[in-house]
Amino acid sequence: MSKTLYFILTHPLFLTVFWAWIIAQAIKVIVSAGSKKRIKLRRFIEPGGMPSSHAAVVVALLTGVGIKEGMGSTIFIVTLVLALVTIYEAIGVRRETGRQAELLNELQSHLAPHSPMKYKLTEQLGHNPIEVLVGGILGFFIALLFL
């Protein structure tokens, strides 16, 4: 392993973001198991759901950069913009895409119920504001814990 790769993989900020993602995804599996009454390990890599791992990751990164570099630094502002764009996209664009997939799946089931070409689109792509808020809070506290 190269020195640079080793440095990145062992850097406290990288590890903070990594663990924010792992913990958010693990919670997603647990929440899904509670509501579906069965464990679906696939939820660990699927998009959408409670909490938002996107929000957890970018808020952990933002918090970590704020702690390490200061809130007045250029990199903090860059990270803030990245976090805001990511969160906006998770709540807005991806959520709307999921709603469109839901409508298209319903339309297909009514218009072509016996069609041999059945393809179900993924419906749970984005997040509602509560899922993003919980993910953000999770990311914030993980950064405080790890850094």
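Mind listing just one residue for me: the one in region 43-58 that is assigned to a loop (DSSP other than H, G, I, E, B), within 8 Å of the chain's Cα centre (by Cα) and small (G, A, S) and, of those, modelled with the lowest pLDDT? Before the answer, list the steps.
Keep residues of region 43-58 that are assigned to a loop (DSSP other than H, G, I, E, B), which gives 45-52.
Next, only the ones that are within 8 Å of the chain's Cα centre (by Cα) stay: 47-48, 51-52.
Subset that is small (G, A, S): 48, 52.
Working: G48: 78, S52: 93.
The residue in question is G48.
Restricting the search to region 16-34, which residues are touching a Pro at 6+ places or on another chain (Cβ under 7 Å) and closer than 21 Å to L147 by Cα?
A24
Go through region 10-35 residue by residue and tally those that are more than 18 Å from A143 (Cβ to Cβ) and surrounded by fewer than 14 Cβ atoms within 10 Å (Cβ to Cβ).
3
Under 8 Å between Cβ atoms, at least 6 apart or on separate chains: pull out the pairs that start in region 79-103 with a residue that is within 18 Å of P47 (Cβ to Cβ) and among the aliphatic types (A, V, I, L, M) and end on any residue that is surrounded by 16 or more Cβ atoms within 10 Å (Cβ to Cβ) and modelled with pLDDT under 80.
Once the first residue is within 18 Å of P47 (Cβ to Cβ) and among the aliphatic types (A, V, I, L, M) and sits in region 79-103, its partners that are surrounded by 16 or more Cβ atoms within 10 Å (Cβ to Cβ) and modelled with pLDDT under 80 give A90/G126; A90/H127; I91/G126; I91/H127; V93/G126; A101/E123; A101/L125.
Do you know which of the residues in region 36-52 that are touching a residue at least 12 places away in the same chain (Cβ under 8 Å) and among the aliphatic types (A, V, I, L, M) is surrounded by the most Cβ atoms within 10 Å (Cβ to Cβ)? Give the derivation first.
Just the residues of region 36-52 that are touching a residue at least 12 places away in the same chain (Cβ under 8 Å), to begin with: 41, 43-52.
Filter once more, so that each one left must be among the aliphatic types (A, V, I, L, M): 41, 45, 50.
Values: L41: 9, I45: 10, M50: 18.
Once the filter is applied, the top-ranked residue is M50.
Name the single residue that is surrounded by the most Cβ atoms within 10 Å (Cβ to Cβ) among those in region 59-80 being assigned to a helix (DSSP H, G or I) and small (G, A, S). It would help to see each step written out before you state the result.
Filtering region 59-80 down to residues assigned to a helix (DSSP H, G or I) leaves 59-69, 74-80.
Those still in the list that are small (G, A, S) too: 60, 64, 66.
Values: A60: 32, G64: 26, G66: 19.
Within region 59-80, the match that is surrounded by the most Cβ atoms within 10 Å (Cβ to Cβ) is A60.
The values are calculated or read from the model by the stated rules, or taken from the named source; none is laboratory data. All values derive from a computational prediction rather than experimental measurement. When we count neighbours, we look across all protein chains shown, and the Cβ atoms used for this are built from the backbone with ideal geometry, even at glycine.
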